[in-house]
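Take a look at the structure below.
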Amino acid sequence: MNDMRQMTALGRSIEDGSFAIIDQEAGPHEFRPDEWEVVRRVIHATADFEFKTLMRFHPDAVRAGVAALQGGCPLLVDVKMISAGLNEERLSSYGCKVYSFISDEDVIATAKANNSTRAIEAMKKAHRLHLLDGAVVAIGNAPTALLELVRLIREEGAKPALIIGVPVGFVSAAESKDVTLELSTPFIVARGRKGGSPIAVAIIHALLLLSAKVPA
């Protein structure tokens with residue numbers, strides 16, 4: 001495997017040891033091997049084994065995500081915290097560019113004028129710019145972004161390659177994930193209130209590691 005981890009030999013040994021502990025303590029599960037690569041990286045990022053019961057995968061999710069990344073897809077994120085945590089070298093090697101519009105002046109102005117949220121207007125902007133089709137969309141913070149993405153898929157024909165729906169929170173977080181599970185679009189979702197930008201980053205990195213194993 002082409003190891004994308006930017007680590008020393010000692011760092012790799014520590015991470016490998018962590019994954020061995022996770023495999024042992026997690027015990028039996030029903031995830032496919034490629035799905036388990038994603039789940040255990042989420043557990044590694046959080047030290048929270050409850051994600052073993054929360055993670056849900058569309059049957060084509062991992063394949064679609066790997067293929068999209070290998071093809072140099074746009075990567076849409078709801079907050080810049082996700083982009084800050086990503087492996088830029090690996091993404092650039094595929095030609096993937098990361099987009100986040102939540103802090104754009106026009107997005108902020110439109111959200112205020114419409115009594116909307118920046119997350120909703122950022123997703124609308126991505127759709128207007130034709131960046132959603134074929135994209136990996138990672139939402140770790142804003143449930144309203146995920147709800148708007150579902151609406152754009154259902155009502156306006158947006159066609160992302162993969163949805164990573166893991167917003168954290170108490171208002172609409174669980175509900176936004178539940179409606180995502182109803183889509184035919186490939187998804188990776190952490191059900192319930194738990195989630196966050198580190199979870200989204202962990203999932204993307206797992207897909208990047210898997211992409212190194214799969215011929216493009």
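Read the figures in this text as sums done on the coordinates, not as results from a lab. Since we're looking at a predicted model, the values are computed, not measured. Don't worry about glycine lacking a Cβ; one is built from the backbone with ideal geometry, like all the others, and counts go over all protein chains shown.
Values computed for the structure shown
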{"quantity": "Peptides ranked, highest mean first, by Cβ atoms within 10 Å: ranges 112-120, 70-78", "calculated": "70-78, 112-120"}
{"quantity": "Positive-pole candidate from H44, F57, G85, dipole of the stretch 27-87, charges at beta carbon", "calculated": "G85"}
{"quantity": "Kirkwood estimate for the chain, i.e. one over the average of 1/r between Cα atoms, Å", "calculated": "17.4 Å"}
{"quantity": "About the Cα centre, charge dipole magnitude for the chain (Lys/Arg +1, Asp/Glu -1 at Cβ), debye", "calculated": "200 debye"}
{"quantity": "Burial ranking of peptide ranges 37-43, 22-28 (average Cβ count within 10 Å, highest at the top)", "calculated": "37-43, 22-28"}
{"quantity": "Nearest 10 degrees, 0 to 90: helix 118-128 Cα axis against the chain principal axis", "calculated": "90 degrees"}
{"quantity": "Loop sites in the stretch 24-99: chymotrypsin sites (Phe, Trp or Tyr not before Pro), DSSP, at most 16 other Cβ within 10 Å", "calculated": "F31, F49"}
{"quantity": "Rough spin-label spacing in nm, given labels placed 7 Å along Cα→Cβ, for D178 and R193", "calculated": "1.5 nm"}
{"quantity": "Nearest-ten-degree value, helix 143-156 long axis tilted from longest Cα axis of the chain", "calculated": "70 degrees"}
